[in-house]
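The values are calculated or read from the model by the stated rules, or taken from the named source; none is laboratory data. Predicted model only: the values in this text are computed from it and were never measured. Counting neighbours? That spans all protein chains shown, and the Cβs are built from the backbone with ideal geometry, glycine included. For the accessible areas, the whole protein counts, side chains as well, though only heavy atoms, and no ligand, DNA or RNA atoms are used. Shrake-Rupley method; radii C 1.70, N 1.55, O 1.52, S 1.80 Å.
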Amino acid sequence: MSSPDGRRHVVIVGGGFAGLGCAQKLADYDDVHVTLIDRNNYHQFQPLLYQVATSQLAGTDIAHSLRDVFADRDNVDVHLAEITGVDTATRTVTSADGGSWSGDVLVLAAGSQPNFFGTPGAAEHAFPLYSLDDATRLRSRILGLFEQVDRDPSLIARGALTIVVVGGGPTGVEVAGALGDMLQVTVPGEYRTLDPTKARICLLDFGDALLKPFSDTAHGYVAKVLEEKGVEMHLGTGVKEVGSGHAVFSDGTVLATRCVVWGGGIKAAAVAADCGLAQGKGGRVDVQRDLTLAGSPGVYVIGDIANIPDQDGTPLPQLGSVALQSGAWAADNIIAGFEGKEVKDFRYKDKGIMAMIGRGAAIAEVGKNHHEIHGQLAHVAWLGVHASLMTGTRDKIEAIIDWGWDRFTKTGGPHVLDRGDVAEIDWDDDPTVSASVPASGPQAAGTVA
Ligand SMILES: Cc1cc2nc3c(=O)[nH]c(=O)nc-3n(C[C@H](O)[C@H](O)[C@H](O)COP(=O)(O)OP(=O)(O)OC[C@H]3O[C@@H](n4cnc5c(N)ncnc54)[C@H](O)[C@@H]3O)c2cc1C
């Protein structure tokens, strides 16, 4: 189990907020050897994926090489591998290509994946936003549609400028607001023939308010800002089918669209189910308060993939702050275990929540009393918090320059169409919608729009 040089060996699966936080803390202990395994060679900053998808930031601003993070730490090895097998009894993980790693301690921090809740066609045709790959695909689909409308404006009648955003949580609201800014502010300067008034952004949520965890005042503020940005809000409404060229809403509306963005929910990473780990709410792995798996000494499960109980037993939300703190806490417990000291139950420090709605508009709950702020101040707070959480100094500087550029100019950011696989569209592949459908404007339930 111990590494060849006799040091205690910790194997970590996943270099997200949780796994990276754990590895960074353990790296300070010279008598511990860490093997960090991820299917990507980079750490990605998920809260900013929507900014890559809407061309505000470049992909390299939010992804940082894991090898670079630990370049000056000779007690941390990074491996690129997709883990497909977990043996909790021997604390061993295996990859499909034959790799095998065993540790004195195993830490599972493999995060989440999109949950389409069995919605027909969603997995095939919708655009989730959970990885850098998802973000660049979505960016290319959006820009590809603009290019095609530039060539042939009649495609607007076939849904080329209709974007459906599923889910009124932070992901859906942030994407919808950024799309509104894109269409109203940055795109007209570059696509001069494209008429933004012909575009539709439809934001759907089954609930009765967007960004539910915030106050009623905040709900009113969010709705007002999004309306100003041209976003149509469809509350009490979900999507019951997604096709290559249409979406069907739960109220029966059929909409011609080539871009359905999925912010409708997440579930635990595939490794939880594939490896037979006992799953609780949302497919997440139930853990004890000290972040270990019951009956499996030396196995920690942290971040989004885990159902981590709060002090009163309720599972903590899947948030970057929970993931980061659980990673650091697991590292402390691992060291305590090696030193024969008592391990401690995880205590989450809730520092508040925040969400961006678009240029100059954000909401945040800050401080011990969760004081709520809106507008420019919240926008600045959001920028500060997110910049401080980014991994490398260079990433922080580049992101701040891109944000400043985006804020004070009307030019677009990196409008890079680099994914030909999603940019080109076969406009005759979906018989559900015909070429004669009306172009835009809110439609009555049950119509083809
Ligand atoms: C679009 C979006 C916006 C968000 N906005 C916010 C926000 O504003 N504030 C906030 O607090 N939280 C936000 N979150 C949530 C936050 O990003 C997550 O809670 C956090 O990333 C969880 O960290 P994690 O380390 O558990 O998982 P992840 O960050 O998902 O990392 C998991 C890692 O495991 C790797 N992995 C998965 N499976 C395998 C495998 N089989 N083999 C090898 N490697 C594997 C993945 O490649 C990944 O690097 C957002 C999430 C999304 C998707």
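Structure data summary
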| item | result |
| --- | --- |
| Estimated [θ] at 222 nm from DSSP helical runs (n ≥ 4, -39500 (n - 2.57)) normalised by residues in the chain, nearest 500 | -8500 deg cm²/dmol |
| For Ile266, residues with placed amide H under 5 Å, excluding near neighbours | Asn115 |
| Long pairs among Lys224/Lys351; Lys281/Lys341; Lys229/Lys396; Lys281/Lys351, criterion Cα-Cα beyond 30 Å | Lys281/Lys341 |
| Under Karplus coefficients 6.51, -1.76 and 1.60, residue-wise ³J(HN,Hα) of region 28-34 in Hz, glycine/proline x | 6, 9, 5, 8, 10, 10, 10 |
| Cα point-scatterer Debye curve for region 1-158, base-10 log of I(q)/I(0) at q = 0.11, 0.16, 0.18 Å⁻¹ | -0.56, -0.94, -1.09 |
| Convex hull volume per residue for the chain, taking Cα atoms only, in Å³ | 142 Å³ |
| P(r) weight above 13 Å for region 185-224, C-alpha pairs, percent | 65 percent |
| Estimated distance in nm for a label pair at Thr193 and Asp72, the labels positioned 7 Å out from Cα along Cα-to-Cβ | 5.4 nm |
| Estimated Rh, region 260-361: Kirkwood, alpha-carbon pairs, angstrom | 15.0 Å |
| The chain: most fluctuating residue of Pro114, Pro128, Pro297 per GNM, C-alpha cutoff 10 Å | Pro297 |
| Straight-distance crosslink candidates among aspartates and glutamates, where the alpha carbon sits under 17 Å from Lys198 and sequence neighbours closer than 8 are dropped | Glu147, Asp150, Asp152, Asp181, Glu190, Glu227, Glu228, Glu232 |
| Zone residues, region 51-79, relative to Thr393, backbone N less than 19 Å from point 7 Å out along Cα-to-Cβ | 61-73 |
| Carbon/sulfur fraction of accessible area - region 1-129, other protein chains in place, 1.4 Å, % | 47 percent |
| Straight-distance crosslink candidates among aspartates and glutamates, where the alpha carbon sits under 15 Å from Lys25 and sequence neighbours closer than 8 are dropped | Asp72, Asp74, Asp77, Asp332 |
| Region 298-405: trypsin sites (Lys or Arg not before Pro) falling in loop per DSSP and having at most 11 other Cβ within 10 Å | Lys341, Arg347, Lys349, Lys368 |
| Environment charge of Lys396, counting only residues whose C-beta is closer than 12 Å and scoring Lys/Arg +1, Asp/Glu -1 | -3 |
| Over region 130-209, volume per residue of the alpha carbon convex hull, in Å³ | 102 Å³ |
| Residues with amide H under 5 Å from that of Val239, placed H, sequence gap 5 or more | Ser250 |
| Cα-only Debye scattering, region 310-374: base-10 log of I(q)/I(0) at q = 0.11 Å⁻¹ | -0.39 |
| Partners for Lys240 among aspartates and glutamates (Cα-Cα distance below 15 Å; same-chain residues under 8 apart left out) | Glu124, Asp205, Asp251 |
| Gaussian network model of the chain, Cα within-10 Å springs - most flexible of Tyr221, Tyr50, Tyr130 | Tyr221 |
| From phi via Karplus (6.51, -1.76, 1.60), per-residue ³J(HN,Hα) for region 200-205 in Hz, x at Gly/Pro | 10, 10, 10, 9, 10, 8 |
| Kyte-Doolittle at least -0.5, axis length at least 15 Å by Cα - qualifying DSSP helices, the chain | 132-151, 170-181, 216-228, 320-338, 376-389 |
| Carbon plus sulfur fraction of accessible area for region 213-278, probe 1.4 Å, in percent | 52 percent |
| Estimated translational D of region 214-269 in µm²/s (Stokes, Kirkwood radius over Cα pairs; 20 °C; 1.002 mPa s) | 160 µm²/s |
| Computed Kirkwood radius, in angstrom, where 1/r is averaged over Cα pairs of region 342-437 | 17.6 Å |
| Geometric extent, Cα atoms of region 98-159 - Rg, Dmax (angstrom) | 19.1, 63 |
| Along each principal axis, Cα extent of region 146-293, largest first, Å | 58, 38, 32 |
| Backbone HN-Hα couplings from phi across region 94-108 [Karplus 6.51/-1.76/1.60, Hz, Gly and Pro as x] | 10, 10, 4, 8, x, x, 8, 9, 10, x, 5, 9, 10, 10, 9 |
| Cα centre as origin, Lys/Arg/Asp/Glu Cβ charges: region 181-288 dipole, Debye | 180 debye |
| Angstrom value of the Kirkwood radius, inverse mean 1/r, which spans all Cα pairs in region 176-254 | 14.0 Å |
| Sorted peptide list for 22-30, 176-184, 236-244, criterion being average Cβ within 10 angstrom, highest first | 176-184, 22-30, 236-244 |
